[in-house]
1. Counting only residues that are in contact with a Ser or Thr (Cβ under 9 Å, 6 or more places away or on another chain) and more than 14 Å from the ligand (Cβ to nearest atom), how many does the stretch 126-151 have?
2. Within the stretch 81-92, can one find any residue that is of a type in the set (S, T, N, Q) and surrounded by fewer than 21 Cβ atoms within 10 Å (Cβ to Cβ)?
3. Quick one: how many residues across the stretch 18-51 are of a type in the set (A, V, I, L, M), at pLDDT below 80 and under 25 Å from Ile157 (Cβ atoms)?
4. Given (1) buried (at least 16 other Cβ atoms within 10 Å of the Cβ); (2) within 13 Å of the ligand (Cβ to nearest atom); (3) touching a residue at least 24 places away in the same chain (Cβ under 8 Å), identify the lone condition not met by Phe49.
5. How many residues, within the stretch 153-169, are in a loop (DSSP other than H, G, I, E, B), in contact (Cβ under 8 Å) with a residue 12 or more places away in the chain and more than 15 Å from the chain's Cα centre (by Cα)?
6. How many residues does the stretch 210-225 hold that are closer than 27 Å to Pro180 by Cα and not β-branched (Val, Ile, Thr)?
7. Scanning for something more than 15 Å from the chain's Cα centre (by Cα) and within 21 Å of Arg223 (Cα to Cα), does the stretch 115-131 turn up at least one residue?
8. Are any residues in the stretch 170-191 crowded, with 17+ Cβ neighbours inside 10 Å and part of a helix (DSSP H, G or I), and if so, which ones?
Amino acid sequence: MRRDHHHATGAGVARAELAQAPPAVEQRDGQAAGPLQALRERLAFLRGFIAHPQQVGSVIPSSHVLEQRLVRSAQLQRARCVVELGPGTGGTTRAFLRALPASSQLLAIELSEDFAARLRTSARDPRLAVVQGSAEFVGRFLAELGLPAPDAVISGIPFSTMPREVAGRIAAEVARLIAPGGRFVAYQVRPHVAAYVTPHLGEPRREWEPINIPPVRVFTWTRHG
Ligand SMILES: C[S@@+](CC[C@H](N)C(=O)[O-])C[C@H]1O[C@@H](n2cnc3c(N)ncnc32)[C@H](O)[C@@H]1O
């Protein structure tokens, strides 16, 4: 996969740099972080939260139990193209890579420059493209990378704290892009995402994951047709 990185600024998106192709010897990664890396990531995540609390929306990354629930809800074992909105420091991203087939592609879209830069070095995998920018532009990112309609979109971005127009645009765009039979999975502390997405994709399956700090709701929509 080509790995173009983008920066979303205000009204538009500009291609800012062309990332270097991964070295030929690079292995499929997707390995869980070791204890030291996990600690560094938690600190980086906390710093990100302190700098932008509303954007990051949580003080620590998702639990492994939540990661596995997301993998099941999105049916990643048989997905070909997946989009992650808000990968943060990459714990969820690596869990998705472990679950995804070898021939799949994962596009991770992260608003924070710091998190996106970390993810590019910590989760090197030929199936992964990391884009720095807003989830609002998911359609443009998919098109520029030549990726097909996603079988699954998984989102941890906080719909409850972003401007309503932005949340509405992201919901509409995801609903428009997702492949027929595909899934949109959103994990959230608060329920706001449902009001934005349900008009487009109908009623979601609603679950609750208590083994996470804080406990979160998991909404799963399936695009029929
Ligand atoms: C709750 S954290 C989830 C991080 C990680 N996926 C996890 O579960 O540990 C939400 C992430 O969404 C990112 N984010 C917030 N708004 C965004 C947007 N409009 N587009 C892309 N990423 C966004 C934040 O920077 C943050 O990294």
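1. We begin by selecting, within the stretch 126-151, every residue in contact with a Ser or Thr (Cβ under 9 Å, 6 or more places away or on another chain); these are 127-128, 130, 132-133, 135, 151.
With more than 14 Å from the ligand (Cβ to nearest atom) added as a condition, the list becomes 127, 151.
Of the residues in the stretch 126-151, 2 are in contact with a Ser or Thr (Cβ under 9 Å, 6 or more places away or on another chain) and more than 14 Å from the ligand (Cβ to nearest atom).
2. Residues of the stretch 81-92 of a type in the set (S, T, N, Q): 89, 92.
From what's left, surrounded by fewer than 21 Cβ atoms within 10 Å (Cβ to Cβ): none.
Scanning the stretch 81-92 turns up no residue that is of a type in the set (S, T, N, Q) and surrounded by fewer than 21 Cβ atoms within 10 Å (Cβ to Cβ).
3. Just the residues of the stretch 18-51 that are of a type in the set (A, V, I, L, M), to begin with: 18-19, 21, 24-25, 32-33, 36, 38-39, 43-44, 46, 50-51.
From what is left, the residues that are at pLDDT below 80 are 18-19, 21, 24-25, 32-33.
Okay, now just the ones that are also under 25 Å from Ile157 (Cβ atoms), so 19, 32-33.
Of the residues in the stretch 18-51, 3 are of a type in the set (A, V, I, L, M), at pLDDT below 80 and under 25 Å from Ile157 (Cβ atoms).
4. Condition (3) is where Phe49 drops out.
5. Residues meeting the conditions: 3.
6. The total comes to 6.
7. Pass one, the stretch 115-131, residues more than 15 Å from the chain's Cα centre (by Cα): 121-122, 124-126.
Retained after the next criterion (residues that are within 21 Å of Arg223 (Cα to Cα)): none.
No, because not a single residue in the stretch 115-131 is more than 15 Å from the chain's Cα centre (by Cα) and within 21 Å of Arg223 (Cα to Cα).
8. Ile170, Ala171, Glu173, Val174, Ala175, Leu177
The values are calculated or read from the model by the stated rules, or taken from the named source; none is laboratory data. It should be emphasised that the depicted structure is a prediction, and the values quoted were computed from it without experimental measurement. Please note: Cβ atoms are built from the backbone with ideal geometry, for glycine as well, and neighbour counts cover all protein chains shown.
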